[in-house]
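Visitor: Just dropping this structure here.
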Amino acid sequence: MEHHAHSYLAREPDTQGFIHYPPEEHAVWQDLIARQQAVLPNRACPEYLNGLANLDLPHHNIPQLGDIDSVLQETTGWRTAAVPALISFRRFFGLLADKAFPVATFIRCREDFDYIQEPDIFHEIVGHCPLLTHPAFAAFNETYGKLGLNADKTERVFLARLYWFTIEFGLVGRNPTERRIYGGGILSSPAETEYALSGQPEYREFNIIDVLRTPYRIDRIQPIYYVIDSIDTLFDIAQTNIMEAMRSAMAKGLFTPHPSLLDQHPPKPCLSENHRTKPKLN
Ligand SMILES: [Fe+2]
């Protein structure tokens, strides 16, 4: 079945900064969060679950960004920024460098309940905002924004792999029985939250050069996850010379794509959230 492309427009805040959503959109939020809450315990990492408790997200309506911001400000000094459904790389990186996490203020329609191309408010808030209360995760995002601002087009493609295999699809915990999820692309998808720890995918120890050399697709369930030792490892990654690692990765070249990324089958529904890129090998 071909995925039906739906074009989304972000809702604009009113003069008080309040965003009005129609009742059916609040109902989508309610159903998405109920379904996600059921799979998070013992799968999401404790730092994420702490952040989620701290945010105290509403279950019956789409939250207002100001309520998220007050928790982020208190914990890491971050905030969200309401943005259109698609923004330029420059704006995306610039916001992160300024400790502002872009949130497109629209929610998927029922037709796209399990899978959408664009990251919506559910993905950004439930997937990423809980960990933005954690200093290591926050610092990593800020560093990433600063590097992205100075990167050229080729470098940005490499940087995107680092983001993909950490912020979006990262796992934490070397011991398989204690392994947990911190990637927001997983944590905003119930199917991938269950799959990621199922033992079916391949788990690789995080190594920045390997990560930068690993192709991925946004429209496939991830065949490979990279695992960090602890959330604080993100501090260490942020402090490594990422551009130097990138030069090594470029010199060594990309790994052969995992076979599941090369097949011609249409994307399975209910899989990964994805990020501002077209469905192709990245
Ligand atoms: Fe994301």
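The values are calculated or read from the model by the stated rules, or taken from the named source; none is laboratory data. Given the structure is predicted, the values throughout are model-derived calculations rather than measurements. Virtual Cβ from ideal backbone geometry, glycine too; neighbours counted across all protein chains shown.
Visitor: So, of the residues in segment 96-126 that are more than 13 Å from the ligand (Cβ to nearest atom), free of Cβ contacts under 8 Å to residues at least 60 places away in the same chain and surrounded by 18 or more Cβ atoms within 10 Å (Cβ to Cβ), which turns out to be farthest from L55 (Cα to Cα)?
Guide: Taking segment 96-126 and keeping what is more than 13 Å from the ligand (Cβ to nearest atom), we get 97-100, 105-115.
Next cut, free of Cβ contacts under 8 Å to residues at least 60 places away in the same chain only: 97-100.
Still in the list and also surrounded by 18 or more Cβ atoms within 10 Å (Cβ to Cβ): 97, 99-100.
Numbers: A97: 22, K99: 17, A100: 16 Å.
Taking the candidates together, the pick is A97.
Visitor: Which of the following residues is within 15 Å of S188 (Cα to Cα), among the small types (G, A, S) and surrounded by fewer than 16 Cβ atoms within 10 Å (Cβ to Cβ): A34, A44, A53? Can you show your working first?
Guide: Values: A44 fails: surrounded by fewer than 16 Cβ atoms within 10 Å (Cβ to Cβ); A53 fails: within 15 Å of S188 (Cα to Cα).
After applying the criteria, what remains is A34.
Visitor: Another question, if that's okay. I need the full set of residues from segment 170-200 which are more than 16 Å from the ligand (Cβ to nearest atom) and either farther than 20 Å from I33 by Cβ or of a type in the set (V, I, T) (or both), in order please.
Guide: Matches in segment 170-200: V172, G173, R174, N175, P176, T177, E178, R179, L197, S198, G199, Q200.
Visitor: Which residue, of R204, R161, is more than 9 Å from the chain's Cα centre (by Cα), assigned to a helix (DSSP H, G or I), at pLDDT 95 or above and basic (K, R)? Steps first, please.
Guide: Working: R204 fails: assigned to a helix (DSSP H, G or I).
Answer to the selection: R161.
Visitor: If you don't mind, there's one more thing I want to ask. Give just the number: which of (1) in a helix (DSSP H, G or I); (2) within 16 Å of the ligand (Cβ to nearest atom); (3) touching a helix residue (DSSP H, G or I) at 6+ places or on another chain (Cβ under 8 Å) does T143 not satisfy?
Guide: (2)
Visitor: Also: Pick out the one residue from L72, L132 that is within 13 Å of the ligand (Cβ to nearest atom), crowded, with 21+ Cβ neighbours inside 10 Å and at pLDDT 95 or above. Don't jump to the end; show me each part of the working.
Guide: Details: L72 fails: within 13 Å of the ligand (Cβ to nearest atom).
Only one candidate passes the filter, namely L132.
Visitor: Further question: Out of R204, R247, which single residue is more than 16 Å from the ligand (Cβ to nearest atom), over 24 Å from L96 (Cβ atoms) and among the basic types (K, R)?
Guide: Numbers: R247 fails: over 24 Å from L96 (Cβ atoms).
Going through R204, R247 in turn, just one is more than 16 Å from the ligand (Cβ to nearest atom), over 24 Å from L96 (Cβ atoms) and among the basic types (K, R): R204.
Visitor: With the requirement that a residue be farther than 16 Å from L254 by Cβ and of a type in the set (D, E, K, R), what does segment 196-234 give you?
Guide: Kept after step one, since they are farther than 16 Å from L254 by Cβ, are these residues of segment 196-234: 196-203, 205-206, 218-222, 225, 227-234.
E202, E205, D219, R220, D229, D232 - these are the residues of segment 196-234 that are farther than 16 Å from L254 by Cβ and of a type in the set (D, E, K, R).
Visitor: Kindly indicate whether T80 is more than 14 Å from the ligand (Cβ to nearest atom) and modelled with pLDDT of 95 or more. Quick ask: steps written out before the conclusion?
Guide: Values: more than 14 Å from the ligand (Cβ to nearest atom): no; modelled with pLDDT of 95 or more: yes.
Against the criterion (more than 14 Å from the ligand (Cβ to nearest atom) and modelled with pLDDT of 95 or more), T80 does not qualify.
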